[in-house]
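Every read-out reported here was derived from the displayed coordinates using simple, explicitly stated rules and does not represent laboratory data. Note that the coordinates shown come from a computational prediction; the quantities given were computed from them, not determined experimentally. Methodologically, a virtual Cβ is constructed for each residue, glycine included, from the backbone with ideal geometry; neighbour enumeration extends over all protein chains shown.
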Ligand SMILES: Cc1cc2nc3c(=O)[nH]c(=O)nc-3n(C[C@H](O)[C@H](O)[C@H](O)COP(=O)(O)O)c2cc1C
């Protein structure tokens, strides 16, 4: 029974990028956070958190920062690829229509790097960062399934991280903290994928 319910939920889930303006209820936000916080995490260190942004002004500033950075990058793309880049980058800021953004953030826990000191290898450094990104992926997946279970739409987005530096300023994040993903959540518009 549990398997069938989970499989059905997973099968029905699709990325949603267009939303009704209706805000999420406090209870919906609480439920999504409660679920996301059950995610497994690497290295025995839950070095992540989830920001929830519902302020329309902040969401608009974030989307504008991503669009601005995409424009800068488009200028650097070879002319024959500019169209392709534009089509791709359009998806980076599609979180803009959502009434709420769930933003998993993390800090790298360089446990092995500290223990090994000079003996730490580039592979281990990469692995310790990847561990946090993988942990965040577990969080993100639970948010997506949680949203689906509540009749909400959501989409796992990382394209906006082309403007991560600016986004961190807008979100007033402390240095050393990184953004894992931007997950727009809301009541799906009729046709919710872009
Ligand atoms: C790591 C990751 C990053 C993604 N980044 C974006 C993004 O920046 N913008 C976007 O619109 N969709 C993004 N997606 C959503 C994918 O495009 C989507 O999951 C894929 O096309 C499959 O469609 P489905 O989610 O409806 O099954 C991302 C998905 C993943 C897993």
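For this structure, a couple of remarks:
- Ranked packing of 173-180, 35-42, most packed first, by mean Cβ within 10 Å: 35-42, 173-180
- For the chain, a Gaussian network of Cα nodes joined below 10 Å ranks 53, 139, 77 by mean-square fluctuation, and the top entry is 77.
- Length-normalised contact order for the chain - Cα pairs under 8 Å, 6+ apart - percent: 39
- With R₀ set to 25 Å, the beta-carbon distance separating residue 124 from residue 45 gives a calculated FRET efficiency near 0.95.
- Part-to-part distance (alpha-carbon centres) for region 135-194 and region 58-84, which is given in Å: 19
- Cα gyration tensor category, rounded, prolate or oblate, for region 40-85 with a/c compared to 1.5: oblate
- Region 1-116, relative contact order [Cα under 8 Å, separation at least 6], %: 43
- Most mobile listed residue (67, 118, 49) in the chain, GNM with C-alpha springs under 10 Å: 118
- Global form of region 75-186, assessed from the alpha-carbon gyration tensor, a/c cut-off 1.5: oblate
- Shape call, region 1-102: gyration tensor on alpha carbons, a/c limit 1.5: prolate
- Within a Gaussian network of the chain (alpha carbon springs, distance under 10 Å), most fluctuating of 91, 81, 156: 81
- Its Cα gyration tensor gives region 59-132 an equivalent ellipsoid, and the semi-axes of that ellipsoid, as √(5λ) in whole Å with the largest first, are 35, 20, 9.
- Gained length - residue 90 relative to residue 20, 0.36 nm times residue gap less alpha-carbon distance: 23.2 nm
- Each stretch of four or more DSSP H residues adds -39500 (n - 2.57); spread over every residue of the chain, this sum gives -15500 deg cm²/dmol at 222 nm.
- Percent of alpha-carbon pairs separated by more than 26 Å within the chain: 38
- Rounded to 5, the percent of DSSP beta bridges in the chain classed as antiparallel: 95
- Take the Cβ atoms of residue 37 and residue 2, set R0 to 22 Å, and the FRET efficiency comes out at 0.60.
- Rel. contact order, % - alpha carbon contacts under 8 angstrom, at least six apart, region 100-194: 43
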